[in-house]
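Down below is the structure, laid out as structure tokens.
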Amino acid sequence: MKILIIGSNGRVGSILVHKLAVQHQVLAGSRNPDRKNNLNNIEQVYVDLQNDVDTLVKSMSGVDTVYFVSGSRGKNLLQIDLHGAIKTMQAAEKANVKRYIMLSSVFALQPDRWSESFLSDLTDYNIAKHYADLYLTTQTQLNYTILQPGALKDEPGTGKIATHVTNPRSNSIANVVDTLAAILENNSTIGKVILMHDGDTPIDEALNQL
């Protein structure tokens, strides 16, 4: 399978690239690709989310799955987290990509929850994620999955999560990466918005219970 990971230099994307490259051909998409880092099954490619849709389409030639795990970290929410994400969806449809998997934020589609816990400091971010998620779920024909974790932390992964989320809680980046990878192998996740935080259920089992 040929996979494009948009946001491959980020905390999640950089780990996801190497995890998926064990079994798949991976295009590591970013604005700053380092061609010296081309490895077996990994090709560094230039992807600028401020480009137009037709330019983005060119990076998706022959791609089976697009992962959108990019983020501006609050520096350019409209151009990157919102409009940039939507342009990749439009490009994926034009390029006949079969699968689109997006990393979002817990309760992004539930504005009434944004005042809770750490989410109260992320309102602008959640607005951007809200409308990107909404566009993907209502305005495209993509075989999508949206993963909505809570706060990301650099902690060891446990391989166990919870998906029946009632409160915003933290997630190890490793668990988020492992869940993103497992989503690709589980067709029952297509058309689903999956909320998650670290928990007690093995990832594959948790996804099968959706």
Check whether at least one residue in the range 63-80 is within 14 Å of the chain's Cα centre (by Cα), surrounded by 14 or more Cβ atoms within 10 Å (Cβ to Cβ), under 26 Å from residue 186 (Cα atoms) and among the polar types (S, T, N, Q), and report yes or no. yes
So which residues in the range 1-29 are closer than 16 Å to residue 71 by Cβ, among the polar types (S, T, N, Q) and surrounded by fewer than 22 Cβ atoms within 10 Å (Cβ to Cβ)? 9, 14
Scan 17, 45 and give me the residue that is in contact with a Pro (Cβ under 7 Å, 6 or more places away or on another chain) and farther than 19 Å from residue 133 by Cα. 45
Enumeration of residues in the range 50-67 that are touching an Asp or Glu at 6+ places or on another chain (Cβ under 9 Å) and either farther than 11 Å from residue 4 by Cβ or not aliphatic (A, V, I, L, M) (or both): 55
Which ranges mark the strands (runs of 3 or more DSSP E) fully within the range 109-210 that have 1 or more residues being under 19 Å from residue 71 (Cβ atoms) and not polar (S, T, N, Q)? 143-149, 192-198
Tally, over the range 56-86, of residues that are of a type in the set (S, T, N, Q) and closer than 19 Å to residue 142 by Cβ: 4
Counting only residues that are of a type in the set (Phe, Trp, Tyr) and touching a residue at least 24 places away in the same chain (Cβ under 8 Å), which one in the range 109-161 is surrounded by the fewest Cβ atoms within 10 Å (Cβ to Cβ)? 118
Pairs, first of a type in the set (Gly, Ala, Ser) in the range 11-28, second not in a loop (DSSP other than H, G, I, E, B), C-beta under 6 Å, six or more apart: 13/5; 21/42; 28/5; 28/17; 28/42; 28/44
For strands (runs of 3 or more DSSP E) lying entirely in the range 1-71, having 2 or more residues that are among the aromatic types (Phe, Trp, Tyr) picks out 65-68
In the range 182-195, what count of residues is obtained for those that are surrounded by 21 or more Cβ atoms within 10 Å (Cβ to Cβ) and in contact (Cβ under 8 Å) with a residue 60 or more places away in the chain? 2
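Every read-out reported here was derived from the displayed coordinates using simple, explicitly stated rules and does not represent laboratory data. Everything quoted here is computed from the prediction, not taken from an experiment. Counting neighbours? That spans all protein chains shown, and the Cβs are built from the backbone with ideal geometry, glycine included.
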